[in-house]
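Worksheet: the structure to be examined is printed underneath.
Taken together, the values in this text are just the output of simple stated rules run on the coordinates, not laboratory data. It should be emphasised that the depicted structure is a prediction, and the values quoted were computed from it without experimental measurement. Because the Cβ atoms are built from the backbone with ideal geometry, glycine has one as well, and the counts that use them run over all protein chains shown.
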Amino acid sequence: MRKLGLLLLAASLGQLPVFAQENPAAALINEEGFTKHISKLASDAFEGRKPFTRGEDSAIQYIAAQFKALGLKPGNGNSYFQDVPMVNIFSKPVGNLVIKGKNDSISLQYLDDYVAATRRVQDQVKLQNSDLVFVGYGIVAPEYHWNDYAGLDVKGKTVVVLINDPGFADSTLFKGHIMTYYGRWTYKFEEASRQGAAGVIIIHETAAASYPWKVVRSGWSNSKLHLQTADNNMSRTIMEGWISQESAKKMFALSGLSPDIMSQAKKKGFKPVDLHLKTSLVINNTIKKSTSHNVLAILPGSKRPQECVVYSAHWDHFGIGETVKGDSIYNGAVDNASGTAGLLELATAFSQVKPGPERSVLFLAVTGEEQGLLGSEYYASHPVFPMNKTVADINLDVLNYFGKTKNITVIGMGQSELDEYAQRAAAKQGRVITPEDHPEGGWFFRSDHFNFAKKGVPGLYIGPGTEAVGKDAGWAKEQIATYNRERYHSPKDEFDPVTWKLDGMVQDIRLLFDVGLTLSNETTFPKWKANSEFKFIKR
């Protein structure tokens, strides 16, 4: 184990940077540790760390062993593991999606024109002669005085909805181009189920979704993992799906409506439209139930151990999949061996803080993020520390591998007072915080802190900075764009100790160490800001 005294001596000799006003234990967060953990977690031996595989066993045992070696307490009673019961469902629609009008019909091709699946744990589900109703965005948002379901009974019907929220089309509505959770596809499905609909179809639009149809197609052509529930998800709609923009235009034409109806739905005061169309679909399912695992460890607080600060990162990736240029292992080095390594580096530093933090610190490595934030969803519903005693979640997902930056990106900036904590920590490093470049993509809702937010706990989620030290303007953004274009969710996401520059990763994680340490020694709880959609949620 690395010795704090030796590192501090090296720092005093100028061999390691120790930023002004930082706790000395921050020196334990260094490139050596990141190299050790990432090279191990992203190795071919871990087979891409997919839940229910040997890769899962390798990953969770490695993480637990590191926690134990640091002297951290098991986070789940006497165990470092929390069982997460899941069900794997491979849904295959039978044939085309046929939409029938009074005198004609259209037939949509699976994957090319539509995708559909079910969360219901049944060998087969059937949507039979279900009426189609266009309900605009499919949003019920009282704080924005918006209710697309007002006065409407959709029981037994299939609702057709737009992706994103009204602010994308009109900057005076909702949060303008900053997507709210109401704009996410997951919300659309959840609300349709709450309304009692039999089915829900989202109309795809590339700009509003922030990704092209091919992303929908590829994501829905494989099996999906879901959490097991007591009712086998029978409370969810029978069918969840998407249709392409062109297919939507054909559907509206069949109903005798102009495609302009979609533009009308983006304006305040729009009323649902019965399309006078019906659809039916049979979906066959292949089902497998199994158990994955979260890995968790606790550093008990010295004065208020019943309260905790959470650091989270997802250990999972996609395992072994489609071969690309001779490689079929999806190593997930950046996404998210980097974040898991950061979690272990933070645990190392906190284990040497003297005196120890007054509040407990929970280190949580979760499963199933790539399958829909499943491990964090399970933990949020089965927490070790009650949510009203959970101070904040600081989430690590896709860290900076290209070097130091002048700024740090706060994803979802403006949601909570954690912005100010990040700002103060950045200032100690001579840096600033900035919002993400494309908030219309709803990135705040795409990682594990979001499940804490849904329970009323503020989350801090950072991304790589966009102004690289010693580089031309735009260089860092090009590195991020290249990664997203060429390596993200592909076998090319591998660790390269030659080309990776880990000093930026060290810098960012030391910043998060500062934030968490500050929170762990306070008596107050950070709050949501006035314009946050989570401010009304009781912890």
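Measuring nothing but how far apart in sequence close Cα pairs (under 8 Å, 6+ apart) lie, relative to its length, segment 88-287 scores a relative contact order of 39 percent.
A simple spin-label model places pseudo-atoms 7 Å from Cα toward Cβ; at Asn388 and Thr323 they are separated by 5.8 nm.
Based on alpha-carbon centroids, what's the gap between segment 474-517 and segment 270-325 in Å, whole number please? Their Cα centres are 23 Å away from one another. Taking the C-alpha atoms only, the angle from helix 54-69 to the longest principal axis of the chain is near 30 degrees.
Spin-label model, Lys214/Ala427: points 7 Å from Cα along the beta carbon direction are separated by 4.6 nm. Summing Lys and Arg as +1 and Asp and Glu as -1 over all other residues whose Cβ lies under 14 Å from the Cβ of Lys267 gives a net charge of -1.
To the nearest 10 degrees, how steep is helix 475-486 against the longest Cα principal axis of the chain, on a 0 to 90 scale? Compared with the principal axis, the helix lies near 50 degrees.
Put simply, the convex hull of the Cα atoms in segment 88-287 casts, on average, a shadow of 10.5 nm².
Sort Arg49, Arg485, Arg184, Arg431 by Cβ crowding within 10 Å, fewest neighbours at the top. Walk me through the numbers on the way to the answer.
Details: Arg49 31, Arg485 9, Arg184 20, Arg431 23.
Fewest to most other Cβ atoms nearby, the residues stand as Arg485, Arg184, Arg431, Arg49.
In this structure, the pairs whose alpha-carbon distance is over 25 Å, taken from Lys68/Lys289; Lys214/Lys404; Lys155/Lys278, are Lys68/Lys289; Lys214/Lys404.
Add -39500 (n - 2.57) for each DSSP H run of 4 or more in the chain, then divide by its residues: what number comes out at 222 nm, to the nearest 500 deg cm²/dmol?
Values: 14 runs with 138 residues, N = 539.
Roughly -7500 deg cm²/dmol at 222 nm, from the helical runs in the chain.
I'd like the distance between the alpha-carbon centres of segment 63-114 and segment 173-244, rounded to an integer number of Å. Between the Cα centres of segment 63-114 and segment 173-244 lies a distance of 12 Å. Amide H contacts of Asn147 (H built 1.01 Å from N, in plane; Pro and chain starts excluded): Ala141 sit under 5 Å, all sequence-distant by 5 or more or on other chains.
All Cα-Cα separations within the chain were binned at 10 Å from zero, giving a P(r) of 4, 18, 28, 26, 16, 7, 2, 0, 0, each value a whole percent of the pairs. Other residues lying with their Cβ under 13 Å from the Cβ of Thr409 contribute a combined charge of -3, Lys and Arg counting +1, Asp and Glu -1. Seen against the Cα atoms of the chain and their longest principal axis, helix 339-350 is set at about 40 degrees. Once a ≥ b ≥ c are taken as the square roots of the eigenvalues of the Cα gyration tensor of segment 392-539, is the result rounded (a/c under 1.5), prolate (a/b larger than b/c) or oblate (a/b not larger than b/c)? Since a/c reaches 1.5 and a/b is larger than b/c, the shape of segment 392-539 is classed as prolate.
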